[in-house]
Structure formats: structure tokens, C-alpha cells
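> Please read through the structure below; I'll follow up with questions.
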Amino acid sequence: TQLLEQSPQFLSIQEGENLTVYCNSSSVFSSLQWYRQEPGEGPVLLVTVVTGGEVKKLKRLTFQFGDARKDSSLHITAAQPGDTGLYLCAELQSRGGGNKLTFGTGTQLKVEL
Amino acid sequence: DAGVIQSPRHEVTEMGQEVTLRCKPISGHDYLFWYRQTMMRGLELLIYFNNNVPIDDSGMPEDRFSAKMPNASFSTLKIQPSEPRDSAVYFCASTPPGSGNTIYFGEGSWLTVV
């Protein structure tokens with residue numbers, strides 16, 4: 001079973017700071033997704049990365065997939081309190097049109113005023 | 001459009017009681033997933049269905065857990081008998097056909113077994 005480790009586990013920062021969270025695997029990812037989960041809600045998809053070395057941007061969020069497809073990072077620029085939440089990476093295995101997600105351990109981010 | 005709908009949102013029950021969690025996937029979606037989230041183990045896949053047929057139930061923790069999908073618009077996850085270690089948030093999620101990579105989660109059912 002693929003083991004997805006995320007770091008740091010917890011992160012508390014001030015508004016306006018930059019941060020990076022990491023997702024590492026024991027083996028090569030098929031493809032990787034990042035989710036954000038807010039309290040009392042389910043995870044919401046942010047991005048999917050497929051190709052080694054791929055970089056995707058979503059406003060102040062930058063997602064990078066490692067060249068060897070065994071790691072990924074999420075960088076947030078000028079964090080805001082609305083960025084607070086649990087960030088999860090997940091390996092996506094597509095089988096015959098369906099999807100099986102294996103989630104990482106998560107990074108709990110708190111952005112304070 | 002309505003998202004994935006789960007009920008109940010919160011349930012507190014006594015050890016030994018039967019618990020039934022319900023899910024209505026997004027209309028037209030053909031895959032349905034049940035996940036469990038705890039602080040210790042994170043988000044784990046329990047079982048998933050395709051066109052109402054269970055495909056992989058290897059994540060179901062033990063025989064006390066069972067899941068059914070009698071039709072395309074309804075699924076249940078049942079725990080009988082419940083134990084305190086079953087306390088968790090249970091999420092249902094569904095996927096539209098052909099998209100390959102977008103899963104939509106419900107808001108979860110918060111279960112506490114005392």
C-alpha cells in the first residue's frame with residue numbers, strides 16, 4: 001500500500017506570510033491531487049497533477065509535482081485567514097473510468113490575523 | 001445543483017447499538033465511495049461501488065461494517081454493533097462517469113459512540 005507522508009503536520013502562521021507543505025511517497029504516483037478541507041465539511045479538490053515536473057497555479061497557490069513523481073509541494077503566497085484548513089494530498093488511481101484515492105496524513109494550517 | 005447529501009450530520013449512540021448512515025450521490029454519478037476520517041488514521045477508503053455494485057470493500061474494518069447501494073440514488077453504511085472506536089466522521093463521495101479525476105464529497109456524518 002502506498003504510504004503518503006505530509007509535512008509539516010501542523011503549521012500556524014501570520015497573515016501575509018508564505019508557506020510550503022510537502023507530500024512524499026514511498027513509490028511513484030500514478031497522479032496526484034491536492035484537497036483542502038474546512039472544518040465541518042468534506043475535502044474539496046484544488047488541483048490534479050499528472051506529469052513529472054509539472055507546475056500548476058491557482059491564484060496564490062502553486063503546486064509542483066516532482067520530476068520522479070514521488071513527491072509534491074504546495075506553496076501559498078501571502079497567506080490569508082481564509083486559507084485555514086486541512087490540506088490533503090492524495091494519489092489518484094483511475095480504473096476503468098472510476099477513481100480510487102489514497103490520502104496522505106494531512107497538514108493542518110492556521111492563518112492568524 | 002445539490003451536492004452529495006449525507007444523513008444524519010451528527011449522531012451520538014451507545015455502544016452496542018446499530019448505526020445506519022445514509023448517502024444520496026449527485027444525480028448521474030456512477031461511482032460512490034465511503035470514507036472514514038479520524039485523527040489517528042486520517043482519511044481511509046472503506047468501500048466503493050460502480051453502478052450500484054460493490055467493487056472493492058477491502059477497507060471495511062470488520063464484519064460489523066456493511067454497505068449497500070440498492071439503487072443509483074441511495075447508499076447506506078451500517079455498523080452493528082457499534083463500538084467506541086468507531087467514532088469518526090464518515091464521508092460519502094461520488095464521481096461522474098468519464099471525468100476520470102473529480103470526486104465530490106458530502107459534508108460527512110459525525111458519529112460518536114459512547
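> Just to verify a result, which residue in the range B:49-67, among those that are more than 20 Å from A:L101 (Cβ to Cβ) and exposed (fewer than 13 other Cβ atoms within 10 Å of the Cβ), is modelled with the highest pLDDT?
Only one residue tops the list, namely B:D63.
> Another one. Give the range B:18-31 a look and list any residue that's surrounded by 21 or more Cβ atoms within 10 Å (Cβ to Cβ) and at pLDDT 95 or above, or say none.
B:L21, B:C23, B:P25
This table checks each residue for (1) among the small types (G, A, S); (2) farther than 19 Å from A:G106 by Cα.
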residue	(1), (2)
B:R22	no, yes
B:L32	no, yes
B:G42	yes, no
B:F49	no, yes
B:A67	yes, yes
B:D86	no, yes
B:L111	no, yes
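> So, one more: What residue, of A:L101, A:L74, A:L92, A:L86, is within 10 Å of the chain's Cα centre (by Cα), surrounded by 15 or more Cβ atoms within 10 Å (Cβ to Cβ) and within 13 Å of chain B (Cβ to nearest Cβ)?
Every option except A:L86 fails the conditions.
> Let me ask something else. Given B:G108, B:G59, which one is under 14 Å from the mean Cα position of the chain (by Cα) and at the interface with chain A (Cβ under 8 Å from one of its Cβ atoms)?
None of the other options fit; the residue is B:G108.
> Given (1) touching a Ser or Thr at 6+ places or on another chain (Cβ under 9 Å); (2) within 12 Å of chain A (Cβ to nearest Cβ); (3) under 13 Å from B:K24 (Cα atoms), where does B:S73 come up short, assuming only one miss?
(2) is the only condition that B:S73 fails.
> Quick one: in the range A:26-43, which of the residues that are within 11 Å of another protein chain (Cβ to nearest Cβ) and among the small types (G, A, S) is surrounded by the fewest Cβ atoms within 10 Å (Cβ to Cβ)?
Looking at residues that are within 11 Å of another protein chain (Cβ to nearest Cβ) and among the small types (G, A, S), I get A:G40.
> Return yes or no: is A:R69 in contact with a Leu (Cβ under 9 Å, 6 or more places away or on another chain), basic (K, R) and within 12 Å of another protein chain (Cβ to nearest Cβ)?
Criteria not met by A:R69.
The values are calculated or read from the model by the stated rules, or taken from the named source; none is laboratory data. Predicted, not measured: the structure shown is a model, and the values here were computed from it. Cβ coordinates were reconstructed from backbone atoms using ideal geometry, including for glycine residues, and neighbour counts include every protein chain displayed.
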